[in-house]
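One structure is given below, encoded as structure tokens.
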Amino acid sequence: MSVDQNSNRADAVSVVMATRDRPELLRRAIDAALSQEHPADLEVVVVFDRSEPDHSLEIDHQVDGHSRRIVVTTNDHGPGLAGARNTGVAKATHPWIAFCDDDDEWLPGKLAGQFAALGANPDARVATTGVFIHYEGEDTARIPDPALLTFSGFLNDRMTDVHPSATLASAELIAELGDVDETIPGGYGEDYDWLLRAAKLSPFAVAPEPLVRVHWHGASFFFEKWKTIDEALEFLVRKYPQFHDPDHRQGLARIRGQQAVAQAAMKDRGRAFRTVREILRLNPTEKRWPVAVLVAAGLPASRVLAAAHKLGKGI
């Protein structure tokens with residue numbers, strides 16, 4: 001990361017946008033980022049992962065005295081989203097870094113809302129916003145509760161309303177955090193791991209309105225990759241032994257519930273039922289264990305996932 005100390009405002013932003021073979025969605029995401037009415041320099045670092053870079057996207061011009069530019073590069077870290085984000089962060093030049101997935105879009109006022117929230121919470125070095133989860137033509141608003149956005153809070157609940165496409169953090173904080181973890185199996189949950197680490201170092205400022213539209217669709221990378229999900233969640237439980245603390249039994253039960261559904265979807269009924277028994281010891285009210293039992297009995301996991309998505313939720 002090379003921060004430009006001569007940037008014309010302390011709140012200049014670099015937007016890291018990883019992409020792979022989705023040119024139309026990428027253009028929508030770029031346009032939404034560059035359309036922000038942000039009175040400082042703004043750059044979009046587009047990282048092409050395992051795909052040919054499109055240098056025709058590159059621009060560098062002034063808007064009302066502030067730089068607006070697109071930088072195109074290729075992933076020079078490990079293949080996948082984590083490596084692409086690390087590549088983008090290394091190329092970023094501004095004091096603030098935001099992430100945006102190539103199939104999502106910022107709504108007008110996103111950056112303004114986040115900087116207002118940061119101004120109201122001077123100890124915070126990371127900010128998020130509410131989101132619209134967009135699925136099958138419908139928007140579902142999700143607003144994070146600032147009181148829950150702590151390390152302990154994230155252990156107990158992933159809080160999918162805290163989305164990477166709505167994340168803005170200081171370059172200083174990101175340097176302290178280090179790279180996005182590229183060792184997580186399949187890259188699943190790297191954003192959750194990042195939030196857990198960030199919550200250890202900084203409070204979160206929250207713009208309490210939906211300012212990002214998050215698109216869920218069948219082309220999403222982890223739409224149905226059950227083996228990867230099961231392995232990645234086990235990796236995270238081992239990485240964070242705090243999940244086994246008595247205060248975080250709820251969080252461990254939640255993760256075991258996700259694993260049980262994934263195991264049932266893979267037709268590994270024996271493991272799924274063993275995981276269900278563990279959930280019942282941890283937290284009998286965990287809502288995913290009955291789902292895992294139904295999937296193990298033959299209910300298609302795709303139907304469960306679709307029903308959850310219609311409510312703006314995941315498994």
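Every read-out reported here was derived from the displayed coordinates using simple, explicitly stated rules and does not represent laboratory data. For clarity, every value in this text was computed on a predicted model and none was experimentally measured. We place every Cβ from the backbone using ideal geometry, glycine too, and count neighbours over all the protein chains shown.
Starting from the Cα of residue 9, move 7 Å in the Cα-to-Cβ direction to define the label point; list residues of the range 28-58 whose amide nitrogen is under 16 Å from there. It comes to 33-44, nothing else. Which one of 189, 162, 175 is farthest out on the positive end of the charge dipole of the range 154-203, using unit charges on Cβ (Lys, Arg +1; Asp, Glu -1) and the Cα centre as origin? The residue sitting most towards the positive pole is 162. Overall shape of the range 13-215 was characterised from the C-alpha gyration tensor. The equivalent ellipsoid obtained from it has semi-axes of 24, 20, 17 Å, in decreasing order. Shown in residue order for the range 59-67 are the 3J(HN,Hα) couplings computed by the Karplus curve 6.51 cos²θ - 1.76 cosθ + 1.60 at θ = phi - 60°: 9, 7, 8, 9, 10, 6, x, 10, 6 Hz (x for Gly and Pro). The ranking of 87, 183 by Cβ neighbour count inside 10 Å, starting from the fewest, reads 183, 87. Converting phi to 3J(HN,Hα) with the Karplus coefficients 6.51, -1.76 and 1.60 and the offset θ = phi - 60°, the range 284-294 yields x, 8, 4, 6, 7, 5, x, 5, 4, 5, 5 Hz in sequence order, with x at every glycine or proline.
Springs between Cα atoms under 10 Å define the GNM used for the chain, and in it the highest mean-square fluctuation of 158, 277, 142 occurs at 277.
With a threshold of 26 Å on the Cα-Cα distance, the over-threshold entries among 200/239; 227/287; 91/239; 239/287; 200/267 are 91/239; 200/267. Adding -39500 (n - 2.57) for every DSSP H run of four residues or longer, then dividing by how many residues the chain holds, sets the calculated 222 nm ellipticity at -12000 deg cm²/dmol.
With the simple model of a label 7 Å out from the Cα in the direction of the Cβ, residue 281 to residue 51 spans 4.5 nm.
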